[in-house]
Ligand SMILES: CC(C)(COP(=O)(O)OP(=O)(O)OC[C@H]1O[C@@H](n2cnc3c(N)ncnc32)[C@H](O)[C@@H]1OP(=O)(O)O)[C@@H](O)C(=O)NCCC(=O)NCCS
């Protein structure tokens, strides 16, 4: 299994994944749900690639690197790393967001994908700990985090806030 950064060569598989991912699933947002391949190639892909080195973006926008988890020739999941925290991210979504293809969940991909993502995140992120947020009713994602050494730091009405030492 490997993580590959978003790229032009894997466009077809990346589009298939992105267009199928819901607009909002457990707080993981995706503005590209349902878009055509043409829209993906012309707008979404260049936009997503540019997020690692953002140009002309608002002040609140933090550089974000997007990786896909591949099992052989199969794209199985997506992992996003935000390079540093703003106040909103610190008290919100944190550093890392992820998803696994719906028909391939429960097979360990989430856990392995986060493990590989953390290895990369350690080199990228500025803070001493990796910040994560998860909905209280999202048991699968909580397990993915705990399987990777996360500890609970705080909670609000609907979320747990977890951290993994860098
Ligand atoms: C969260 C998500 C990435 C987990 O991916 P996954 O590939 O299913 O994760 P794993 O197979 O590594 O499973 C992790 C654990 O959750 C358990 N699990 C998986 N699906 C579950 C479910 N629907 N309900 C309860 N537990 C579940 C697994 O059995 C496993 O348990 P274990 O650690 O005791 O063995 C996936 O469900 C997903 O994409 N959800 C939608 C997006 C999302 O919620 N992202 C996270 C936002 S914080």
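The values are calculated or read from the model by the stated rules, or taken from the named source; none is laboratory data. What you see is a predicted model; the values in this text were computed from it and never measured. Positions of Cβ are backbone-derived with ideal geometry, glycine not excepted, and every protein chain shown enters the neighbour counts.
Do the conditions hold for residue 75, that is, is it closer than 27 Å to residue 59 by Cα and away from the ligand (no atom under 11 Å from the Cβ)?
no
Each residue in the range 6-29 was checked for being out of contact with any helix residue (DSSP H, G or I) (no Cβ under 8 Å at 6 or more places or on another chain), within 26 Å of residue 134 (Cβ to Cβ), in contact (Cβ under 8 Å) with a residue 24 or more places away in the chain and in a loop (DSSP other than H, G, I, E, B), and 2 of them qualify. Could you list, in sequence order, all residues of the range 122-133 that are without any contact (Cβ under 8 Å) to a residue 60 or more places away in the chain and either within 15 Å of the ligand (Cβ to nearest atom) or surrounded by fewer than 14 Cβ atoms within 10 Å (Cβ to Cβ) (or both)? Listed by number, the residues that qualify are 122, 123, 126, 128, 130, 131, 132.
Considering only residues in the range 30-45 that are surrounded by 13 or more Cβ atoms within 10 Å (Cβ to Cβ) and outside any helix (DSSP H, G or I), the one that is nearest to the ligand (Cβ to nearest atom) turns out to be 30. Residues of the range 46-87 that are surrounded by 15 or more Cβ atoms within 10 Å (Cβ to Cβ) and assigned to a loop (DSSP other than H, G, I, E, B): 51, 52, 62, 63, 83, 85.
Pairing each residue of the range 88-110 that is closer than 21 Å to residue 163 by Cα and part of a helix (DSSP H, G or I) with any residue that is within 7 Å of the ligand (Cβ to nearest atom) and modelled with pLDDT of 95 or more, provided the two are 6+ apart or on different chains, yields C-beta distances under 6 Å for 109/77; 109/100; 110/100; 110/144.
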